[in-house]
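Undergrad: Attaching a single structure in structure tokens format; questions to follow.
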Amino acid sequence: KIMDRLTRDYPDAGALAKGARFRLAAQQLQAKNFAEAQRLYREALAGATGMSCLALFNQRVFRPTASWAAALATVIGVILASAFVAQTALVGWVDFAHHERGPWLFGTWLGVGIYAWSNAEAWRQQRMLARRRALGLVDPREQPHPVVEGLELADQLLAERGVVFHHPDLDRVV
């Protein structure tokens, strides 16, 4: 209203001032969206990098000699990079954050698959260790025991709080 009173004798000036206010508000909104988009972009880049590294970890640790695992880890990295670039170029990260639309949606579900692969490989390794133990191929004192590991974790957590306890089995050298 103040602007209307100041520019009542100059209608063109009032329209110009209102237009400038609109442009300023639009620029502020774009700057806010730009900052949000940059934050989301960095978070998605970190996510793509982390998921690619997890796929590479699965290949290098669980299946170092399997060519299919190396090919799968490579394909996962390429798909994640492609989805990231496509989301950035086509739809944008703000739209994905608010509506979960765009190519990155496939990348997020691919992440679920990578975690499932890690889980399956870990269970496979656990079964192999159990078979070795049953056959007597592993010295029981050298194989970690879940109860002892749990007590060690509890000891560490309590030590952080200032409570310390010791047990002869927990003081072994690993």
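The values are calculated or read from the model by the stated rules, or taken from the named source; none is laboratory data. In this text, all values refer to a predicted model and were calculated from it rather than measured experimentally. For neighbour counting, all protein chains shown are included, and Cβ atoms are generated from backbone atoms with ideal geometry for every residue, glycine included.
Undergrad: Which condition from (1) modelled with pLDDT under 90; (2) surrounded by fewer than 18 Cβ atoms within 10 Å (Cβ to Cβ); (3) not basic (Lys, Arg) is the one that Phe96 breaks?
TA: Unmet condition: (2).
Undergrad: Regarding Thr49, is this residue β-branched (Val, Ile, Thr) and either touching a residue at least 24 places away in the same chain (Cβ under 8 Å) or part of a loop (DSSP other than H, G, I, E, B) (or both)?
TA: no
Undergrad: Show the residue pairs that are 6+ apart or on different chains and have beta-carbon atoms under 7 Å apart, the first residue being within segment 85-99 and closer than 11 Å to Ala37 by Cβ, the second being exposed (fewer than 15 other Cβ atoms within 10 Å of the Cβ) and of a type in the set (Asp, Glu).
TA: If the second residue must be exposed (fewer than 15 other Cβ atoms within 10 Å of the Cβ) and of a type in the set (Asp, Glu), the pairs left are Val94/Glu36.
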